[in-house]
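To start, the structure itself, in structure tokens.
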Amino acid sequence: FRFVIKGSLAGAAVYVAYDQGLLGSGTQGAEALKKAQAALPPAIQEWTSYLGWELPPTPKFDFSLSDSWNKGVQSVMSALSVAPARACEYTVEGWKYVK
């Protein structure tokens, strides 16, 4: 019974992510992020007023998740592109050390 509940929750989460475009291309993911950023603050405000809580104002960040992601991907691809040459250099240095 617990397996069925957990499986259905996981399936629902994957379906919602797919339906919102999070599993699509980068542009679809960026659009979904913009939708979430626009919809989330009013929803949180509504729930806090419903529950009687008062939250401090959210800080404003000048941070782009997509730019950080792209820089990370570029760094990884750069490291992978020079990996064969580095491996060859390290092998030569290792053989010199062993000799």
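Each residue of segment 11-17 in turn: what ³J(HN,Hα) in whole Hz from Karplus with 6.51, -1.76, 1.60 and θ = phi - 60°, glycine and Pro shown as x?
Calculated HN-Hα couplings, in order: x, 5, 5, 5, 5, 5, 4 Hz.
Please report, in debye to the nearest 20, how large the charge dipole of segment 1-55 is about its Cα centre when each Lys and Arg carries +1 at its beta carbon and each Asp and Glu carries -1 there. Please list the in-between numbers first.
Numbers: 4 positive and 4 negative charges, 51 e Å.
Roughly 240 debye for segment 1-55.
Given a cut-off of 32 Å, name the pairs among LYS34/LYS71; LYS71/LYS96; LYS6/LYS60 whose C-alpha atoms lie farther apart than that in the structure shown.
LYS71/LYS96; LYS6/LYS60
Applying the Karplus parametrisation 6.51 cos²θ - 1.76 cosθ + 1.60 with θ = phi - 60° to the phi angles of segment 48-54, what ³J(HN,Hα) value in whole Hz is obtained for each residue in order, glycine and proline being reported as x?
Per residue, the Karplus-derived 3J(HN,Hα) values read 5, 5, 5, 8, x, 8, 10 Hz.
Under Stokes-Einstein, with the Kirkwood radius over Cα pairs standing in for Rh, what whole-number D in µm²/s applies to the chain at 37 °C and 0.692 mPa s?
For these conditions, the coefficient is 175 µm²/s.
With charges only on Cβ, +1 for K and R and -1 for D and E, what is the dipole size of the chain about its Cα centre, in debye, rounded to 20?
Dipole magnitude for the chain comes out near 440 debye.
What list of ³J(HN,Hα) values in whole Hz, one per residue of segment 80-95 in order, does the Karplus curve 6.51 cos²θ - 1.76 cosθ + 1.60 (θ = phi - 60°) give from phi, with Gly and Pro shown as x?
5, 6, 9, 4, x, 5, 5, 4, 5, 4, 5, 5, 4, 4, x, 5
Could you work out how much longer the chain between LYS35 and SER78 gets when fully extended? Use 0.36 nm per residue separation minus the Cα distance between them, nm to one decimal.
In short, 12.2 nm is gained.
Looking at the square roots a ≥ b ≥ c of the eigenvalues of the Cα gyration tensor of segment 1-55, which shape do they give, rounded for a/c under 1.5, prolate if a/b is larger than b/c, or oblate?
The shape class here is oblate.
Mind giving me the nanometre distance, one decimal, between the label points for ALA10 and THR48, set 7 Å out from Cα along Cα→Cβ?
Here the modelled spin labels are 3.5 nm apart.
Values quoted throughout were computed directly from the atomic coordinates according to the rules given, and no laboratory measurement underlies them. Owing to the predicted nature of the structure, the values given are computational and were not obtained by experimental measurement. Here Cβ is always computed from backbone atoms with ideal geometry, including for glycine, and neighbour counts include all displayed protein chains.
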